[in-house]
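Working notes, structure below.
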Amino acid sequence: MRTDTGQIINLADYRPTDFVLERVDLTFDLHPTETKVETRLIFHRREGVDANAPLVLDGDELVLSGLLLDQSELPAGQYDATPESLTVRNLPESAPFELTITTVINPEANTQLMGLYRTGGIYCTQCEAEGFRRITYFPDRPDVLAPYTVNIIADKEANPLLLSNGNFLGGAGYGEGKHFAAWFDPHPKPSYLFALVAGDLGVVEDTFTTMSGREVALKIYVEHGKEPRATYAMDALKRSMKWDEERFGREYDLDIFMIVAVSDFNMGAMENKGLNVFNDKYVLADPETATDADYANIEAIIAHEYFHNWTGNRITCRDWFQLCLKEGLTVYRDHEFSADQRSRPVKRIAEVRHLKSEQFPEDSGPLAHPVRPTTYREINNFYTTTVYEKGSEVTRMIATLLGRDLFKKGMDLYFDRHDGQAVTIEDFVKCFEDVSGRDLTQFSLWYHQAGTPLVTASGSYDANAKTFTLSLEQMVPATPGQTVKKPMHIPLRLGLLAEDDGLITPASVTGAELTDDVLHLTKKAQTVTFHGIPQRPVLSLNRSFSTPINLQFSQSTEDLALIARYETDHFARWQALIDLGLPNLLQAARDARQGADITCGSAFTDALLAAAADESLEPAFRAQALALPSESDIARELGGNNDPDAIHAARQTIIKRIAEAGEDVFTVLYDGMQTPGPFSPDAASAGRRALRNAALGYLSQLDETPARTKAAYDAANNMTDLSAALTILAQRFPDTVETAAALAHFRDRFADNALVIDKWFAIQAAIPGDGALERIQLLMETPLFKRTNPNRVRSLIGTFVFANPTGFGRADGAGYHFLADEILEIDQRNPQLAARILTSMRSWRLLEPVRADHARSALLRIERAAGLSTDVRDIVERILKE
Ligand code: 0A1
Ligand code: ZN
């Protein structure tokens with residue numbers, strides 16, 4: 001394991017390599033514990049580089065077992081090899097030269113799942129961000145692009161399949177029960193996009209004919225017997241390929257596109273050129289074992305990785321500071337794809353929910369960093385919701401500022417201008433400046449300033465002057481390393497709603513630029529006057545969440561109720577319902593803390609139930625409306641001195657009040673929202689299931705016994721309904737025989753399906769209350785708990801620490817100390833996984849003092865432990881920093 005070196009990498013230190021890599025030839029002789037890798041690299045010295053400059057290659061836990069320069073041995077003094085680097089001196093001044101490097105690595109022992117490792121009996125690689133250097137010495141950085149030839153030799157019986165990037169060149173027997181295959185990828189790529197897979201897998205095959213008429217072979221490899229569960233992923237892939245042609249004019253560029261599903265993977269999936277590797281959770285689905293959410297995730301992640309072929313692979317990042325160049329843009333592209341495939345407003349609501357519950361806390365805590373950071377210690381820790389989701393929001397704002405046509409032109413220019421290059425955020429933004437003539441200097445602060453801007457708004461109507469005046473003020477909070485902030489360019493979509501009906505169009509606007517419905521807030525404080533307004537308007541602000549800000553805008557409950565009922569922007573309707581509900585939840589949490597009675601305003605319940613019952617609204621929207629902000633969302637909004645038990649009690653009481661007020665509505669929905677006929681994962685059917693299960697959740701609050709929910713469990717004929725019923729049983733009736741029976745039944749029925757057993761663990765890990773920790777510890781003793789499988793660890797330990805605030809945050813601090821023990825344990829094997837789970841502590845300073853003290857001492861225990869990985873040390877030190 002790479003332990004901490006304390007080395008900080010700074011963007012300001014970037015400079016190109018001294019040597020240009022012309023081509024790469026790799027030969028792998030695969031063996032579970034002794035794989036021999038022969039790497040032939042052709043370099044030449046970059047023009048202008050000192051003739052004495054040595055070549056320095058990266059390594060990580062490597063041992064050099066052979067080195068040739070132009071096929072000849074080197075004298076000992078001409079090179080130095082350590083596990084972390086290979087330095088070669090006295091290289092030709094200008095002529096190209098060939099370096100042949102031999103390393104021997106042990107895939108079986110690779111528990112970090114970075115580099116070449118074994119999972120489920122197959123060989124598999126993960127090279128982003130710095131995994132390639134665990135295979136061979138190499139200039140392992142994204143601005144070194146070269147075409148690759150890969151030869152794979154392996155035992156034929158155990159590994160009938162030998163895959164790598166690019167197009168298949170050929171294969172043959174290799175004596176002694178071995179065979180080999182050769183692949184060539186003509187598209188110059190950085191090492192992080194390299195992939196190799198070998199083993200024995202089943203396949204689902206199809207073809208896609210591109211817009212210029214080329215036929216591409218599509219193959220999805222899965223464990224034998226799981227082929228039928230990969231057909232939805234194949235369908236999603238074909239839809240993604242078509243969509244990228246239609247929307248962005250992007251055509252696929254190899255003869256074959258492959259996806260391999262593996263069960264041990266640190267992240268969701270990886271966009272290796274022509275050979276994506278996926279966590280099997282995001283490939284495998286059938287109605288019996290996958291929920292509607294699983295289907296939607298598969299569709300989105302298949303699309304995301306495929307879209308990387310252009311945004312990430314053909315045009316890549318100059319350095320890892322530019323990660324958002326590929327990730328923010330590709331998330332934006334997959335969001336747009338899902339919006340087109342499903343319901344745009346419902347998709348937007350889901351995105352914003354996710355952004356607020358994951359990215360906003362990151363941006364307001366000790367781990368806050370700009371979308372384009374300028375310094376890092378461990379790049380693995382920068383695959384964050386800020387880089388991904390806020391990065392996507394920034395791209396969305398460029399589209400909002402420019403409008404659809406100019407945005408498309410800017411993207412076309414980006415693809416034309418930078419194809420085959422490794423570029424920066426500045427290069428990306430320049431394309432949009434060039435096509436629009438707009439100066440995006442101030443806007444670019446979105447990439448450089450961390451922290452969620454707070455916009456305060458107030459409006460007043462002057463009936464005599466027929467004007468509506470809107471005062472806006474922005475404040476960007478201080479974040480680690482950035483205390484002074486400049487005003488940002490904030491594009492606020494807005495609508496002036498008439499109280500009777502429709503939208504009011506102002507005759508003119510002064511004080512700010514308004515393009516269509518986008519108001520440009522660019523100063524610290526700005527007063528905007530809308531002229532020619534015949535009646536008092538109801539202002540709908542930040543429609544579609546056009547900008548990722550916190551908005552402070554006091555609106556009357558009447559105005560919010562009007563927006564909730566009549567806005568044509570359905571996202572704004574949902575937001576208005578949240579704005580009506582949140583004050584009730586916050587007050588309830590404060591009251592619960594004081595032991596006072598909890599109340600809930602009828603304006604909120606009325607509006608919520610009206611939306612739930614409104615048949616003109618799509619069921620998926622109504623289900624979203626009924627899902628109240630989570631306990632963590634409420635904690636974030638409370639902003640400090642938080643007591644998870646009080647928040648839980650408050651939220652539960654409000655849910656009960658809604659259930660009481662809406663019993664009739666929920667009964668009608670539960671009876672009426674059936675989805676007759678065979679299961680279909682389409683968005684409309686999924687929406688009906690979501691609404692029906694939301695209704696069941698509320699109804700269960702009124703039930704004295706689990707009978708109704710248990711009946712729903714018994715009647716379920718798909719995983720969405722089955723897991724929803726089991727979740728309600730576990731949450732609402734945790735200690736009943738019915739719940740115990742359902743949990744046992746679920747476990748026995750799906751014992752041989754790891755992805756479903758992950759759900760079984762997660763459902764139990766989320767059961768609130770003081771007893772949760774003991775439950776987790778018991779579950780860890782069961783033979784089904786597999787410490788080496790990241791999905792399993794995330795489903796049990798991850799769910800507990802991220803999604804069970806009362807159980808994890810119990811007042812005696814035992815949850816935090818459990819986490820500390822687990823982090824130290826996991827870190828020995830898989831630092832990336834440990835560091836990610838540790839981020840669950842990022843908001844510890846918002847806890848009330850007793851819990852905060854326990855949290856601090858658990859964190860200090862981690863910080864003081866010997867032999868921490870760079871990954872964990874980086875996170876723990878940032879989290880603890882004053
Ligand atoms: N580029 C991938 C995410 C990814 C990053 C790192 C990984 O291993 C440490 C794996 C995948 C994506 O955006 O999908
Ligand atoms: Zn990505």
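Worth a mention:
- Nearby aspartates and glutamates by direct alpha-carbon distance to LYS156 (threshold 15 angstrom, same-chain neighbours under 8 apart not counted): ASP29, GLU176, ASP200
- Solvent-accessible surface of protein heavy atoms, probed at 1.4 angstrom with all chains present, puts GLU157, GLU877, GLU205 in the order GLU157, GLU205, GLU877, largest first.
- Computed magnitude of the charge dipole of segment 718-761 (debye, nearest 20; Cβ of K, R +1, Cβ of D, E -1): 60 debye
- Placing unit charges on the Cβ atoms of the charged side chains and taking the dipole of the chain about its Cα centre, the candidate lying farthest along the positive direction among VAL484, VAL352, GLN341 is VAL484.
- Where trypsin sites (Lys or Arg not before Pro) fall in DSSP loop in segment 55-153, at most 14 other Cβ within 10 Å: ARG89
- Restricting attention to segment 351-509, the count of lysine pairs at 8 or more positions apart or across chains with alpha carbons under 25 Å apart stands at 12.
- Neighbours of LEU521 by Cβ distance under 12 Å: Lys/Arg scored +1, Asp/Glu scored -1, total +1.
- Within the chain: Cβ-based charge dipole about Cα centre, in debye rounded to nearest 20 (Lys, Arg +1; Asp, Glu -1): 1140 debye
- Segment 341-367 and segment 1-60: distance between their alpha carbon centers, rounded to Å: 38 Å
- Most positive-pole-ward Cα, TRP574, HIS179, TYR306, against dipole of the chain from beta carbon charges: TRP574
- Average accessible surface area per residue within segment 319-392, 1.4 Å rolling probe, Å²: 21 Å²
- By the rule of a C-alpha distance below 22 Å, with chain neighbours fewer than 8 residues away ignored, the lysines paired with LYS786 are LYS226, LYS281, LYS759.
- Ordering 732-742, 344-354, 193-203 by mean Cβ neighbour count within 10 Å, with the highest value first, yields 193-203, 344-354, 732-742.
- For segment 436-550, the per residue solvent-accessible surface stands at 42 Å², with DNA, RNA and ligands left out and a 1.4 Å probe.
- Cross-link partners of LYS36 among lysines (Cα-Cα below 16 Å; sequence separation of 8 or more within a chain): LYS178
- Mean sequence separation of contacting Cα pairs (under 8 Å, at least six apart), scaled by the length of the chain, corresponds to a relative contact order of 9 percent.
- Annotation note: chymotrypsin sites (Phe, Trp or Tyr not before Pro) in segment 641-738 located in DSSP loop regions with a Cβ neighbour count of at most 13 within 10 Å are absent.
- Accessible carbon and sulfur surface of the chain relative to its total accessible area, %, 1.4 Å: 50 percent
- 222 nm mean residue ellipticity, helices alone, for the chain (DSSP H n ≥ 4; -39,500 (n - 2.57); rounded to 500): -12000 deg cm²/dmol
- Charging the Cβ of each Asp and Glu at -1 and of each Lys and Arg at +1, and nothing else, the dipole of segment 727-860 about its Cα centre rounds to 460 debye.
- From phi via Karplus (6.51, -1.76, 1.60), per-residue ³J(HN,Hα) for segment 368-378 in Hz, x at Gly/Pro: 4, 7, x, 4, 10, x, 10, 8, 8, 10, 9
- Of the peptides 375-385, 499-509, the order by per-residue mean of other Cβ atoms within 10 Å, starting with the highest, comes out as 375-385, 499-509.
- Legend: calculated FRET efficiency, ALA740 to ASP821, from the Cβ-Cβ distance at R0 = 25 Å, rounded to 0.05, equals 0.35.
- Of the residues SER840, SER616, ranked by 1.4 Å probe accessible area with the largest first, the sequence reads SER616, SER840.
- Centre-to-centre, using Cα atoms only, segment 736-811 and segment 583-654 are separated by 26 Å.
- Backbone amide hydrogens, once placed in the peptide plane, bring LEU201 within less than 5 Å of LEU161, excluding anything fewer than 5 places away on its chain.
- Shape of segment 437-512, Cα gyration tensor, a/c cut at 1.5: prolate
- Selected from THR330, LEU440, PHE808, residue furthest toward positive end of dipole (the chain; charges at beta carbon): LEU440
- Rolling a 1.4 Å probe across the protein heavy atoms gives segment 249-311 an accessible surface of 19 Å² per residue.
- Across segment 663-677, computed HN-Hα scalar couplings (Karplus, 6.51 cos²θ - 1.76 cosθ + 1.60, θ = phi - 60°) run 3, 5, 4, 5, 5, 4, 5, 5, 6, x, 8, 5, 10, x, x Hz from first to last residue, x flagging Gly and Pro.
- The phi-based Karplus calculation (6.51 cos²θ - 1.76 cosθ + 1.60; θ = phi - 60°) puts the 3J(HN,Hα) values of segment 102-108 at 10, 10, 10, 10, 10, x, 4 Hz, whole numbers, x for Gly and Pro.
- Anisotropy class of the chain from Cα gyration tensor, a/c 1.5 cut: prolate
- Sparse-neighbour loop sites [GluC sites (Glu not before Pro); segment 575-678; at most 13 other C-beta within 10 Å; DSSP]: GLU615
- Overall form of segment 190-336 per C-alpha gyration tensor (a/c, 1.5; a/b vs b/c): rounded
The values are calculated or read from the model by the stated rules, or taken from the named source; none is laboratory data. What you see is a predicted model; the values in this text were computed from it and never measured. Cβ coordinates were reconstructed from backbone atoms using ideal geometry, including for glycine residues, and neighbour counts include every protein chain displayed. For accessibility, only protein heavy atoms count, side chains too; no ligands or nucleic acids. Shrake-Rupley method; radii C 1.70, N 1.55, O 1.52, S 1.80 Å.
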